[in-house]
1. What does segment A:55-137 give for Rg and for Dmax, in Å, if only its C-alpha atoms count?
2. Can you tell me which aspartates and glutamates have their Cα less than 12 Å from the Cα of A:K173? Leave out same-chain residues fewer than eight positions away.
3. Under the Kirkwood approximation applied to all pairs of distinct alpha-carbon atoms, what is the hydrodynamic radius of segment A:151-250 in Å?
4. If the elastic network links every pair of Cα atoms under 10 Å, which of A:L153, A:L128, A:L92 fluctuates the most in the Gaussian network model of chain A?
5. Could you run the numbers on buried accessible area between B and A, total for both chains, 1.4 angstrom probe, in Å² to the nearest 100?
6. What size of dipole, in debye to the nearest 20, comes out for chain A about its Cα centre when the only charges are +1 on Lys and Arg C-beta atoms and -1 on Asp and Glu C-beta atoms?
7. Of the options A:S47, A:G94, B:A200, report the single residue whose Cα projects farthest towards the positive end of the charge dipole of the protein assembly as shown (beta-carbon charges: Lys, Arg +1; Asp, Glu -1).
8. Quick one: if you take sqrt(5λ) for each eigenvalue of the C-alpha gyration tensor of segment B:164-252, what semi-axes come out, biggest first, whole angstrom?
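The values are calculated or read from the model by the stated rules, or taken from the named source; none is laboratory data. All figures in this text were calculated on a predicted structure; none of them were measured in a lab. Glycine gets a Cβ as well: all are built from the backbone with ideal geometry, and neighbour counts include every protein chain shown. Quick note on the areas: whole protein, heavy atoms, side chains included, nothing else; ligands and nucleic acids left out. Shrake-Rupley method; radii C 1.70, N 1.55, O 1.52, S 1.80 Å.
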Amino acid sequence: MSLKPADPGFFVGYFKKVPPAVRTFSLALAAALVAALGGAALALAVSPEHPGSGAYVNDLGDGSLTGILETSPYPLLRVPAADGRPARAVMLAGPSKIGVGQAAAGLDGATVDAGGVFVRRGDLDMLLVGGPVGLRASTAGMSLPAPAGPEPLGRWRITGEICDGKCAAGAMKPGTGLAHKACANLCITGGVPPVFVTTAPVEGAGFLLLADADGGPLPARHLHRTGERIAVEGVVERRDDLLILKVEVVLP
Amino acid sequence: MSVALKPVGWNRNKLVYDAVLIIGAAVYILAFLNLAPMLSEGAAKVDAPIQRMRAFGSLAFLMLTLVLAIGPLARLDTRFLPLLYNRRHFGVITALVATTHAVAVLDWYYAFSPTPQLLALFTANTSFDRIAGFPFEILGVAALLVLAVLAATSHDFWLSFLTPPVWKALHMSVYGAYGAVVLHVALGPMAGGRDPVLSALVAASVATLATLHLVTGRRERAADAAASPPAAEDGWIDVGDVSEIAEARAIVGAAPGGERIAVFRTKDRLVAISNVCSHQNGPIGEGKVVRGFITCPWHGYQYRPEDGCSPPPFRERIHRYPLRLNGSRVEVATTPVPLGTRLESFRIPGATAPASPVPRTDPPGPRAAAPGPADDKVAS
Amino acid sequence: MMRPHRRAHAALWTALALLLPLAVLASLLAEPRLSADAPPVRLDPPAGGGAG
């Protein structure tokens, strides 16, 4: 091994005197490092997909919605048509990564008042029950018309992503994808209604509430497929403005 | 093991090194969190905690890439050696940045749930048998644990406590951590092709590091293979011509077993000494005689030419080898004398100055700036 | 003393250089290749009155 001809100045970090060649090179390296880090930060920060426009919306203020509660597959509030607005089925969830199953227990089919804040992205929205009203048997003493029965829309094969309805609606931005999978699973196991965000509209809807083939809650085995683009087959039904997909098969 | 280890010795160069790192990291975080949202509507719409996860996570990955590039860069070009001297601070800061990333993830994706955060981290996603949807967080946890252990054992106390071979082996686990981080990123934020720049960064990082390390490894293997020719007598090798050795510098030969031996020239004397520093296996033969001590280029560990021992209070010792001249050829015995044995260095007959007109590399005046090894030990 | 370290180092990086690109590639290929605008397909005849 032969000697390196040019000796830029032997230097070890504890020397007090830094040879000029070492100093120049190190300073240039430091400047390049800081500049490269700044540039990389900008490039990486703007690179990910746009997270969409979901947001919290306080439509109700301190007030509430009154409707008939259904608990299957997940708590839904069937709000009758009023003031020119057609009847709707509102998905309900709690203020954190939990559903409202507990509060809804015993109220299935009852007239209830629900207060809270909406989280909404496009036509996907969810009422996060809370505030002074929360979810309770209605105190208004109204007698509401029975909600329309489910309208069958046939068997479909649909492409999309299983998400928790809350994060997908904008509680987290982005609230979809595999990076968010564990969070979505936590929400769904906590009782937050899961939704299937579709790649193309089904009967005009960009998402469907998910249920098991028997109409109950989504089975835990489907949590292995959250967050990725998949195709599922199942029966679709409509309750007011909400489509429900009863999953029979998740294609591999 | 050395006595009287002081906590950490700071010096101006270390402060500058750390300052540059911290400024670089701060510039990165500020650009990511504050500047980018002004330039891009998409970045502005992302939740602040998710933006923080991305900022600290990507910075940790970049820093890990850089810190792993320092070793081979310094082998390929000695101008990168100053980066090596304080590399462990780079590693510790990387571990801190990675921890910040992990805390941001726990406080958002794993928060707001009745399941405790740490439990949720391991139970929310159990798709271990799938590639798409694999709980990639676990890979990040594994890497973070390795970085934490390495950061905690980065001080020279642990180096001497564990002994250099064990410490070196332990710290090689950083390569496993790097592999885990690459998979962590590939299976998580890169999935679905949602982040093209991140994908390009990961590809560039893997390609660069693999190339640097493999090229450096090839060079070292080639040097191992090119053993010095044997001398006429058995047990001796011909290391080179005495005129090749510049004052205060060395040439390096390789014994048949692959053990490298450095031959230093200091004043009119020659010294054959192991090329392997007892601190971190640094290449002593690429070092220099500074104020009478043979000094390793990596962290400045110093040895006395006459017995291969570090001066008190330090106790490091490396092997010395018998040496002789055959004409102008330097011949070295391949069997060392026992550690710590005093062996008179070889006086070059009739020589009072370097035999060849090598440019004098010492700066004029004594290297008074270089403190003795006592400073070195606490400074590393 | 230094050779085993160098050998381990070389082996590790050879493995990483081979395995990491393969693993990243596998993670990309494992993702379902479904179109981002795949249309829904009705599996039963809608003319049948939607008896699904």
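1. Cα radius of gyration and Dmax of segment A:55-137 are 11.7, 34 Å respectively.
2. Straight-distance partners of A:K173: A:E49, B:D47.
3. Across segment A:151-250, the inverse of the average 1/r is 13.1 Å.
4. Largest GNM mean-square fluctuation: A:L153.
5. 6100
6. 1300
7. The one lying farthest along the dipole's positive direction is B:A200.
8. In descending order the semi-axes read 45, 16, 12 Å.
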